[in-house]
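Q: First the structure, then my questions, so here it is.
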C-alpha cells in the first residue's frame, strides 16, 4: 500500500486520527513535526523563534523526502501543503487525505496551545484568514474528510472505506 498522508489545518485532528488509523490498519505512523524535532534537537516553537518559518518549511521538505512511501501513515504539519514541491512529493508517493474542520472548531481546539507558534497569538479571524490563504493547497488531495462533529472512530471508519474505494478506482 502506498503511503497515506494526512494534511489539513492545525487542529483538524491529523495526529490523533493518524494514530488511530495506524492502529486500525496495523501501519506505523510518522509525524513530520516530531521527525523534524528529533533531527534538529529543538521544538517546532524553538525552530520558529530561532530560525523563522521559511527555514522550518525547508526542513519539512527535507524530512518528507526521507520518509518511506509504502505501508506507512504520515501525519503532517498544517503548513506543509504551502510548497508545491511537498504536494507533488505526497501525490507521487501516496494518497493525500485532507482532514477538515470548521474554523470555530479549530479555534476551540488550538487557541490556548502555546506549542503552536503560528496559532497561539492569533484571533479567530486571523486564523480564518490563514486557513483561506491555504485552502486551495489543502484541496489538492485525494480524499477530503470532515472532522468537526464526528468521533475519531467514525472518522477512521470513513477514511478506511474511502481509501478502499480509491484503491479499486472509485473516488
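The values are calculated or read from the model by the stated rules, or taken from the named source; none is laboratory data. Worth saying up front: this structure is predicted, and the values here are computed from it rather than measured. A quick note on method: Cβ atoms are made from the backbone with ideal geometry, for glycine too, and the neighbour counts reach across all protein chains shown.
Q: Working only within the range 136-149, note down all residues that are farther than 18 Å from residue 4 by Cβ and either in contact with a strand residue (DSSP E or B) (Cβ under 7 Å, 6 or more places away or on another chain) or in a loop (DSSP other than H, G, I, E, B) (or both).
A: Listed by number, the residues that qualify are 148, 149.
Q: Now, a different point. Here is a check on your reading of the model: is residue 155 surrounded by 13 or more Cβ atoms within 10 Å (Cβ to Cβ) and over 26 Å from residue 45 (Cα atoms)? Let's see the steps before the verdict.
A: On the way: surrounded by 13 or more Cβ atoms within 10 Å (Cβ to Cβ): yes; over 26 Å from residue 45 (Cα atoms): yes.
Taking the combined requirement at face value, the residue satisfies it.
Q: What is the number of the single condition among (1) under 17 Å from the mean Cα position of the chain (by Cα); (2) surrounded by fewer than 14 Cβ atoms within 10 Å (Cβ to Cβ); (3) closer than 26 Å to residue 105 by Cβ that residue 4 does not meet?
A: So residue 4 meets the others, but not (2).
Q: Let me ask another. Just give me the residues in the range 7-22 being over 9 Å from the mean Cα position of the chain (by Cα) and farther than 15 Å from residue 157 by Cα, in sequence order.
A: Answer for the range 7-22, where residues must be over 9 Å from the mean Cα position of the chain (by Cα) and farther than 15 Å from residue 157 by Cα: just 11.
Q: Take residue 140 and decide whether it is under 17 Å from residue 78 (Cβ atoms) and modelled with pLDDT of 90 or more.
A: yes
Q: For the range 41-135, give me every one of the helices (runs of 4 or more DSSP H) that falls completely inside it and has 2 or more residues that are surrounded by 13 or more Cβ atoms within 10 Å (Cβ to Cβ), in contact (Cβ under 8 Å) with a residue 12 or more places away in the chain and within 15 Å of the chain's Cα centre (by Cα). Walk me through how you get there before you give the answer.
A: Details: elements: 44-51, 53-66, 84-93, 103-110.
Filter on the range 41-135 gives 53-66, 84-93, 103-110.
Q: Additional query: Every residue in the range 9-28 that is under 22 Å from residue 82 (Cα atoms), in contact with a helix residue (DSSP H, G or I) (Cβ under 8 Å, 6 or more places away or on another chain) and modelled with pLDDT of 95 or more, please.
A: 17
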